[in-house]
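These notes concern the structure reproduced below.
The values are calculated or read from the model by the stated rules, or taken from the named source; none is laboratory data. Please read all numbers here as calculations on a predicted model, not as lab measurements. Note: accessible area is taken over every heavy atom of the protein model, side chains too, but ligands, DNA and RNA are not part of it. Shrake-Rupley method; radii C 1.70, N 1.55, O 1.52, S 1.80 Å.
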Amino acid sequence: QVQLVESGGGLVQAGGSLRLSCAASGGTFSRYLMGWFRQAPGKEREFVAAIDWSRSTYYADSVKGRFTISRDNAKNTVYLQMNSLKLEDTADYYCAADRNAYYRGSYTYTRRSAYDYWGQGTQVTVSS
């Protein structure tokens, strides 16, 4: 199985920046579709960003232009650089992976069901 461990969450002021990391193990990382989702209290888990094996990236409209997803295959790690943070970015952030995305189109990458493995989450709190 693929194991994912997130880190880097914390408290940050609105307008500030934070970088989340997700370390993966248990497979061929360079082949994985990797994604970030977030879940605020009382809300559904929602898509934030994804990056595939070719380094193509995908973003939710709410974070486009502010967040950047990247991967370092040598370190088996995916990152989420979050800039210009807003209060509404406050949530638990989850890293997700899928090893078998080759048979699916990129239109599925925003769906929770596209991912087979999930990390435990890391909390991000944005204060005013």
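The accessible surface of the stretch 5-128, taken with every protein chain in place and a 1.4 Å probe, is 45 percent carbon and sulfur. Summed over the residues of the chain and divided among them, the accessible surface reaches 51 Å² per residue at a probe radius of 1.4 Å.
For the stretch 61-122, the alpha carbon convex hull comes to 116 Å³ per residue, rounded to a whole number. Of the two radii for the stretch 21-82, the radius of gyration is 0.99 times the Kirkwood radius, both from the alpha carbons; that is the Rg over Rh value. Treating the Cα atoms of the chain as identical point scatterers in vacuum, please give the log10 of the normalised Debye intensity I(q)/I(0) at q = 0.09, 0.11, 0.16 Å⁻¹, two decimals. Result of the Debye calculation: -0.22, -0.33, -0.70.
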